[in-house]
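Okay, so here's the structure we're looking at.
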Amino acid sequence: MASSRGEFSSRFGFIMAAAGSAVGLGNIWGFPTQAASNGGAAFLLVYLILAFCLAYPALMAELIIGRHAHANAVNALRTISPGALSRRIGTGVGVVGFIVASLILSFYAIVAGWMIAFCISSLLQLVGWGGGAEWLVSFGMERNVIFMLLFMALTVGIISEGVHQGIERWSSRLMPVLLVTLVLLVVYVLTLDGATDGLKAYLLPDFSQVLSPKLIISALGSAFFSLSLGVGTMLIYGSYVSDKENLPSLGGMVTLVDISIAVLAGFLVLPAMYVALHNGVEIFNEAGNLISEDTLIFTVLPALFDTMGIAGIVVSVLFFFLMSIAALTSSISMLEVPVAYTIEEHGLSRKKAVFIIGGLIALCSVVILANFSTLFGLVIAVTTRYSQPLLGFMFCVYAGWVWHRDNLLAELRKGNPDVEQGLFWKIWPWYVRVVCPLIILGIFVQSLFG
Ligand code: PHE
């Protein structure tokens, strides 16, 4: 079965693709802004603990199931199910997963479109075309639809090329560019006046906030969103990994890259906010809280860039370029989920599947845009805050309870014959069976009633 499907050609290719999926707007926008409004380093600490102790084991569940089945989530969960009931529930989880992945892409494409628009706007400012630049950064239906479609076209173009030529090739090109751009921006921003206050806000923890349920649920959502969990993305990427590879170490690398980039982005966004404050830009509201997370990047940062003259315009181009790349390597992984399902379950050609599904998702984006004030926040909350952790919970249950332990071990042995002797096999199986589901449920229930 594996031969007719795509496969990543190397460890590097897989790590770039999976880290490309993981590193996205969630890391560069979501994580730093949430850290900024949830106690700085306190949030960082909770996030790190959740990422290593909860998200990594959940990521492994998806990768292992995917590699074993060499199939999309629906098929894979069915493959590892011993009975009729678990097969039926598995199908349901896979289907809900690809619907959630498509919905995530439908709001993600809107935001990513704004990033492209802001990037081009700064370019136009550089060449002195102020009118065009202004239109591009003003919220309007036309601009929103045009740039969402442009972003979807890029995503569709890459995914239609397949696993090796599309996902792997583009992720391996774009991820190094992303890293270099990010480092350049961090170094530059840290040299500006006011940056140290931002570092303090980021690195000095306000422990009074660490145990607040609001902080923990947003750190959990963040960690799951950031590692692309629960919707079958990592499962499908795992299904393209060759049997020769050592999965626990590959998953570890991906987690490490993802977390490092989120932490690094914090060194850009928080200092930049305080540089903005130093330059007279409003970053706190009357109540003394940071201006709301979602507007931060489109109001505070551009206002900062405006105070920096020509250097600010160049930095702005780079910053929004960085955001656009991060978004693109993630969006392709979202689109691959429904596309792989349609190809494998309904026998459509890749090109046909990509165009039909890409078109449907773009249509969803238009509906969200047309009802922006009601739908945008709602779709984000339903998909990322609730669906992702709950689906992640189901993947842990399938890896820990439904799948027979001997088969699981046989799968892990493929790329790592001594796995039984290692730490991973001693800890992970009971961990993913008991600890992960309990913690996810615990936090979830608390967020509902807390
Ligand atoms: N991990 C991506 C980010 O941080 C988002 C994502 C979610 C990607 C779900 C794929 C699936 O932005």
If I ask for residues that are among the polar types (S, T, N, Q) and in a helix (DSSP H, G or I), which ones from segment 134-167 would you list?
Asn144, Thr155, Gln165
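Checking the conditions here, which among Leu412, Leu369, Leu391, Leu375 is more than 16 Å from the ligand (Cβ to nearest atom), in a helix (DSSP H, G or I) and crowded, with 21+ Cβ neighbours inside 10 Å?
Within the list Leu412, Leu369, Leu391, Leu375, the selection yields Leu412.
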Just name the residue that is nearest to the ligand (Cβ to nearest atom) out of those in segment 29-50 that are open to solvent by 20 Å² or more (accessible area, probe 1.4 Å) and of a type in the set (S, T, N, Q).
Gln34
Test for Gly13: is it touching a Lys or Arg at 6+ places or on another chain (Cβ under 6 Å) and either outside any helix (DSSP H, G or I) or more than 16 Å from the ligand (Cβ to nearest atom) (or both)
no
Of these, Trp430, Trp425, which one is loosely packed, with under 13 Cβ neighbours inside 10 Å and in a helix (DSSP H, G or I)?
Trp430
Read through the list (1) open to solvent by 70 Å² or more (accessible area, probe 1.4 Å); (2) aliphatic (A, V, I, L, M); (3) modelled with pLDDT of 95 or more; (4) farther than 28 Å from Leu318 by Cβ, then give the number of the only condition that Leu154 fails.
(4)
Pairs returned, first residue in segment 168-193 that is outside any helix (DSSP H, G or I), second residue that is open to solvent by 80 Å² or more (accessible area, probe 1.4 Å), beta-carbon separation under 9 angstrom, 6 or more apart or interchain, are Leu192/His278; Asp193/His278
Consider Gly280 carefully, then state whether it is of a type outside the set (Phe, Trp, Tyr), more than 14 Å from the ligand (Cβ to nearest atom) and open to solvent by less than 30 Å² (accessible area, probe 1.4 Å).
no
Sole residue being away from the ligand (no atom under 16 Å from the Cβ), open to solvent by 10 Å² or more (accessible area, probe 1.4 Å) and in contact with a helix residue (DSSP H, G or I) (Cβ under 7 Å, 6 or more places away or on another chain), chosen from Lys214, Lys200, Lys244
Lys244
Would it be correct to say that Ala353 is at pLDDT 95 or above, within 16 Å of the ligand (Cβ to nearest atom), touching a Phe, Trp or Tyr at 6+ places or on another chain (Cβ under 9 Å) and more than 23 Å from Ser121 (Cα to Cα)?
no
Would you mention how many residues in segment 79-110 are among the hydroxyl-bearing types (Ser, Thr, Tyr) and without any contact (Cβ under 8 Å) to a residue 12 or more places away in the chain?
1
Test: residue in segment 256-268 that is of a type in the set (D, E, K, R) and either in contact with a strand residue (DSSP E or B) (Cβ under 8 Å, 6 or more places away or on another chain) or surrounded by 24 or more Cβ atoms within 10 Å (Cβ to Cβ) (or both):
yes
Would you pick out the residues in segment 71-91 that are open to solvent by 20 Å² or more (accessible area, probe 1.4 Å) and outside any helix (DSSP H, G or I)?
Pro82, Gly83
In segment 391-419, which residues are more than 17 Å from Trp430 (Cβ to Cβ) and among the hydrophobic types (A, V, I, L, M, F, W, C)?
Leu391, Met394, Ala410
From the list Leu322, Leu335, Leu348, pick out the single residue that is in contact with a helix residue (DSSP H, G or I) (Cβ under 7 Å, 6 or more places away or on another chain), at pLDDT 95 or above and surrounded by 20 or more Cβ atoms within 10 Å (Cβ to Cβ).
Leu335
Kindly provide the set of residues from segment 16-28 that are within 15 Å of Gly166 (Cα to Cα) and open to solvent by 10 Å² or more (accessible area, probe 1.4 Å), ordered by number.
Met16
Can you give me the number of residues within segment 395-409 that are open to solvent by 50 Å² or more (accessible area, probe 1.4 Å) and within 16 Å of the ligand (Cβ to nearest atom)?
0
Residues in segment 172-188: is at least one small (Gly, Ala, Ser), open to solvent by less than 20 Å² (accessible area, probe 1.4 Å) and at negative phi?
no
The conditions are (1) outside any helix (DSSP H, G or I); (2) within 9 Å of the ligand (Cβ to nearest atom); (3) more than 23 Å from Val180 (Cβ to Cβ); (4) open to solvent by 10 Å² or more (accessible area, probe 1.4 Å), and Ser228 fails exactly one of them. Which is it?
(3)
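The values are calculated or read from the model by the stated rules, or taken from the named source; none is laboratory data. Note that the structure is predicted; figures quoted are calculated from it, not measured. In this analysis, Cβ positions are derived from the backbone assuming ideal geometry, glycine residues included, and neighbour counts consider all displayed protein chains. The area values use the complete protein model at the heavy-atom level, side chains included, leaving out ligands, DNA and RNA. Shrake-Rupley method; radii C 1.70, N 1.55, O 1.52, S 1.80 Å.
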